[in-house]
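This report refers to the structure that appears directly beneath it.
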Amino acid sequence: MNLILKLKNLDKLTTSETALVNYILDFPEKVIHFSPKELAEHSFVSISTIYRLINKLDLDGLNDLKLALVNYLNEHTTEQIIDVDYPISAEDNHYAMTKKLKAVYEQTLQSTIDANTVEMMALASSLLEKSDFIDIYASSANIYFAQNFQFQMQEVGKRINVPIDDYMQNLAAANSTSDHLSIVVSYGGRGSSVKKILKTLTNNKSKILLITSKNNPLLTEKVDGILLFSSLENHYNKISSFSTRTSLMYLFDRLYLSFFNQDYEKNLAYKLENYQKMNPDLI
């Protein structure tokens, strides 16, 4: 019996358990992305209620519940729901891998769009436009996405600094002023270096745009704007960071489009004119 039928056939439920069952039946697409705390908050029940229901379903935990929901949704919807941490199996052929990676990208983009309101994006774009100096603080592979954004913005005449090593990042933070916008990229906020940089930026009264995940402890820090990664992906237990990378690229591209669109004709003319200067033979 599939999970949905099990849920519909459960009896002797408490009022809270009934409310939880109804929420799962109404919003299975949301439940597959929730932590226990998030599911409790959205369904207005306690975490203990969630685990009582899981026991009544003879499941081992919330992950088993979500996996059963994913299997049901894959069988009853036209678009496949993918585990972004393990999107493929050892038996998949090239066609299956192509389709599944496409599904990871689509789920990630929708999740990122859902996580960031129009107001959040508008505020971030305003910070970008009004700042004379922009520094991006990132680590690991996220540096390459920051550098790509740096390249995009330089094509329309907006200079951005992307310090790479710890010393240069701390030096840039120490040199920051109230004229600076500091874009801090940290998915989990676990490193001590990002906390140190944030403290320096705050002391120097730099404006701060934090790009992070919704469960990051850094969200308690005082910043001027926030953009959120898609939070579908496990920080460690996964094949690769397919979802996180896609989410960050979307956020940077979306910021670039907002900046470009604020003076569309001027930015387009600037970019094309400079391209012609670099390639006079193509005129």
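The values are calculated or read from the model by the stated rules, or taken from the named source; none is laboratory data. All values derive from a computational prediction rather than experimental measurement. Here Cβ is always computed from backbone atoms with ideal geometry, including for glycine, and neighbour counts include all displayed protein chains. All accessible areas refer to the heavy atoms of the entire protein, side chains included, with ligands and DNA or RNA removed. Shrake-Rupley method; radii C 1.70, N 1.55, O 1.52, S 1.80 Å.
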task: Could you tell me whether any residue of the stretch 74-81 is more than 25 Å from Ser230 (Cβ to Cβ) and of a type in the set (S, T, N, Q)?
output: no
message: I'd like to know if the stretch 35-51 contains one or more residues that are polar (S, T, N, Q), part of a loop (DSSP other than H, G, I, E, B) and over 23 Å from Leu232 (Cβ atoms).
response: yes
task: For the stretch 206-221, indicate whether the set of residues that are over 23 Å from the mean Cα position of the chain (by Cα) and more than 30 Å from Met97 (Cβ to Cβ) is non-empty.
output: yes
message: Can you report the number of residues in the stretch 116-155 which are assigned to a loop (DSSP other than H, G, I, E, B) and either more than 22 Å from Asp263 (Cβ to Cβ) or among the hydrophobic types (A, V, I, L, M, F, W, C) (or both)?
response: 6
query: Name the pairs whose Cβ atoms lie under 8 Å apart, with the first residue in the stretch 162-190 and assigned to a loop (DSSP other than H, G, I, E, B), the second at pLDDT 95 or above and of a type in the set (Asp, Glu), and 6 or more positions between them or separate chains?
result: Val162/Asp135; Pro163/Asp135; Ser176/Asp135
- prompt: So which residues in the stretch 92-115 are free of Cβ contacts under 8 Å to residues at least 24 places away in the same chain, open to solvent by less than 80 Å² (accessible area, probe 1.4 Å), under 21 Å from Asn237 (Cα atoms) and part of a helix (DSSP H, G or I), if there are any at all?
  reply: Met97, Lys100
query: Within the stretch 68-91, is even one residue open to solvent by less than 70 Å² (accessible area, probe 1.4 Å), assigned to a loop (DSSP other than H, G, I, E, B) and among the acidic types (Asp, Glu)?
result: yes
